[in-house]
Amino acid sequence: MSNNFNRPTRPAAIYCRISQDRAGAGLGVDRQEEDCRRLAEERGLDVGEVYVDDDLSAYSGKPRPAYLRLLEDLRGGRFGTVVAWHTDRLHRSPIELEEYIKVCEERGVVTVTCKAGYLDLETPSGRAVARTMGAWARFESEHKADRIRRAMRQLSDAGKFTGGQYPYGWRREDGSTKPPHRVNPAEAAVIREAVRRLLAGETLLGTAEAMNAAGHASPTGLTWNWTTLKQVLMRPKNAGLVLNEDGETIGPSQFPAILPEDQWRAVVAIVDNPDRKLKGPRHTRFLLSGLALCPCGRTVRIKVVHSRGKSYRAYNCGTRGGGHPYKWQGPLDEYVTAMVLAYLERPDNLRALSEAAANDGQAEERESLSVQADTLRRRRDAAAESYAAGKMPLATLERVTESIASELEAVEARQVALVSGGALSAVLTGGDIRSAWEAASTDQRRAVIDALCTVTVLPTPRTAPRRFNPSTVRIDWKHESAVGSAGG
């Protein structure tokens, strides 16, 4: 290998790095620089520049700005020597080390350290020493990371606070993050309101927008978005639970519950359902789009019509040919809204629906479902323990687990159905039906309509006047126990 650089005439660079120095163990960047300067003076080296990466781990893989600048300066031939406190301050990644060796070999750069001595990366033995030390440094970092993960897992399994930002929904006592933890009434109210909206048919995006409109800040102090809201609502600690990585309950959390368990599980099932449009499809901004039916069986959608420089919205199913409706959005929305409110305001209908909601006879079923779900989860855990103890073959475990999973899915689906029928109840219990309707979001109004009736939009006869005709809208009420109707 040719070496065109005269190392003694080139200055030295000092590199210092620290990822953590919480205990003041003497490895702070100031102490490192002091020791490196002393070593450079002993070897008669002139220090050209000191490169410092403070609070950055070489193991994490995150870019180290100062190290990258050092590497570029070495490539440019600026330095003949690199001084570091130890080789592990420079590298804990074999890939990084190989790149460093390549640059130093090409540019004739030597490395000297306060604790690991002199490394001549131009020689095979020097490179072998560097690689060996790098491998042990990597082992140390991985071993430390494993210990940290195990400790965090142990804390998490015990339902304890694992550090970082304090959980939204609870509050510190005198600035401490140790138990007992207390519920934060204001933040817990936001969580409960979000849950109420979701169970009443609202989307995550619509709920997040409602939280922002009400002036509620997210856990980061910024506005809510549907992703942040989902993360908050999915936490098992909301129900005072600790779950393992397989979703199995392993004990109570040290954080007191904000929600009943069945309600939390219903919300998780809703927002974690891959078939559910968490953000809401674009057409659900309109009252009947994707909800009302065409006689052909398809749902109607909004179509924007441009005429004489103006834009209009109309409902149609998109099927060409005769026999399909084409209705202006405004008149149809107003008519269906009027019919629904009239239906709800009839004393006999309102009384029957309210009594059905209040006395649904489902309290025992809810309790029974909760017991069934717990029993199934215990059976699943027992099967896994039997397999681990060698008492059950793998084929049997798989068959038992699959059967239990199928039963549990059915039980949880029924739990969701019992808890999440809140859209109609929210309107019925609001006191003033019209005020409750006005306060409801479009998603919630759609959920009320869906709970009450099926709307079918019929085509307007060709010979009929080109204006809205109520007789071309058929409303079939779903609650037969509510006597009478509001027409349609």
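Annotations
- Flag if residue 229 is at pLDDT 80 or above, touching a helix residue (DSSP H, G or I) at 6+ places or on another chain (Cβ under 9 Å) and in a loop (DSSP other than H, G, I, E, B): no
- When residue 294 is tested against the conditions (1) surrounded by 15 or more Cβ atoms within 10 Å (Cβ to Cβ); (2) modelled with pLDDT under 85, the lone failure is (2).
- Within the range 284-311, residues that are over 22 Å from residue 445 (Cβ atoms) and aliphatic (A, V, I, L, M) sit with their Cβ atoms under 8 Å from residues that are part of a strand (DSSP E or B) and open to solvent by less than 50 Å² (accessible area, probe 1.4 Å), at 6+ positions apart or across chains, in these pairs: 305/314.
- Selection status of residue 241, modelled with pLDDT under 85, in contact with a strand residue (DSSP E or B) (Cβ under 8 Å, 6 or more places away or on another chain), crowded, with 18+ Cβ neighbours inside 10 Å and not basic (Lys, Arg): yes
- Test: residue in the range 456-478 that is at pLDDT below 65, of a type outside the set (A, V, I, L, M, F, W, C) and farther than 24 Å from residue 301 by Cα: no
- Among (1) touching a Leu at 6+ places or on another chain (Cβ under 8 Å); (2) farther than 26 Å from residue 411 by Cβ, the one test that residue 204 misses: (2)
- Some residue of the range 337-347 being modelled with pLDDT of 70 or more, assigned to a helix (DSSP H, G or I), open to solvent by less than 50 Å² (accessible area, probe 1.4 Å) and of a type in the set (D, E, K, R): no
The values are calculated or read from the model by the stated rules, or taken from the named source; none is laboratory data. Computed from a prediction, not measured in an experiment: that's the story for all the values here. Neighbour counts run over all protein chains shown; Cβ positions are idealised from the backbone, glycine included. Accessible surface areas use protein heavy atoms only, side chains included; no ligands, DNA or RNA. Shrake-Rupley method; radii C 1.70, N 1.55, O 1.52, S 1.80 Å.
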